[in-house]
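Notes to accompany the following structure.
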Amino acid sequence: MSKANELIGAALDALAHEDQAAFDSAAAFLADRDDADRMLVEAATRAISALWRGGWQPADVVRIATRRLTDWHGRVAADLVAWELRAYAPATVDERWRDQLAGLEASVWWTGATWPRGRRATGPAGWWPCPGCWSCWGC
């Protein structure tokens, strides 16, 4: 397991135990890593994939992120949903899901597997470190 994954695990464990200081510490260490954005996108897409297996649809993910956090977080969730759906052959994605994604105006506007720092910084607190992003999806 990479150090970044260990830090993500430590942050999630801190969330589960409602330990804000431990979360802040893990998030601070993670934020200083060059691979932090890539690892966080990977962790977020794993969480979204787990939601699919649990019966969630794209609009559900965005609705919960928006309701529990902010509109900005909902837009981030929509973009991450679009990123995750790229892993599936278009013919295997239900038309309703494609319609939901189109209705959400979600897009993968970045290149590579890294969340661009400029976009990250435009949110109210960024998407990371943001305990709400993880807890609202049941991570």
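The values are calculated or read from the model by the stated rules, or taken from the named source; none is laboratory data. Fair warning: this is a prediction, and the values are worked out from it, not measured in the lab. Using ideal geometry, Cβ is built from the backbone for each residue, glycine included, and neighbour counts are taken over all protein chains shown.
Summary of computed values
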| quantity | calculated |
| --- | --- |
| Where a residue in region 26-38 is more than 20 Å from ALA16 (Cβ to Cβ) and its partner, wherever it lies, is hydrophobic (A, V, I, L, M, F, W, C) and surrounded by fewer than 15 Cβ atoms within 10 Å (Cβ to Cβ), with Cβ under 6 Å and at least six apart | ARG38/ALA113 |
| Single condition GLY9 does not satisfy, out of (1) in a loop (DSSP other than H, G, I, E, B); (2) of a type outside the set (D, E, K, R); (3) out of contact with any helix residue (DSSP H, G or I) (no Cβ under 8 Å at 6 or more places or on another chain) | (1) |
| Selection count, region 32-48, where residues are more than 20 Å from THR111 (Cα to Cα) and either part of a helix (DSSP H, G or I) or not acidic (Asp, Glu) (or both) | 1 |
| Some residue of region 50-61 being surrounded by 18 or more Cβ atoms within 10 Å (Cβ to Cβ) and either touching a His at 6+ places or on another chain (Cβ under 6 Å) or at pLDDT below 85 (or both) | no |
| Failed item in (1) among the hydrophobic types (A, V, I, L, M, F, W, C); (2) at pLDDT 85 or above; (3) farther than 30 Å from ALA102 by Cβ, with LEU30 passing the rest | (2) |
| The lone exception for ASP94 - which of (1) over 12 Å from the mean Cα position of the chain (by Cα); (2) of a type in the set (Asp, Glu); (3) within 26 Å of ALA11 (Cα to Cα) it fails | (3) |
| Residue count, region 52-92 (criterion: in contact (Cβ under 8 Å) with a residue 40 or more places away in the chain, over 18 Å from VAL108 (Cβ atoms), part of a helix (DSSP H, G or I) and not charged (D, E, K, R)) | 1 |
| Tally, over region 64-91, of residues that are surrounded by 16 or more Cβ atoms within 10 Å (Cβ to Cβ) and in contact with a Gly (Cβ under 8 Å, 6 or more places away or on another chain) | 7 |
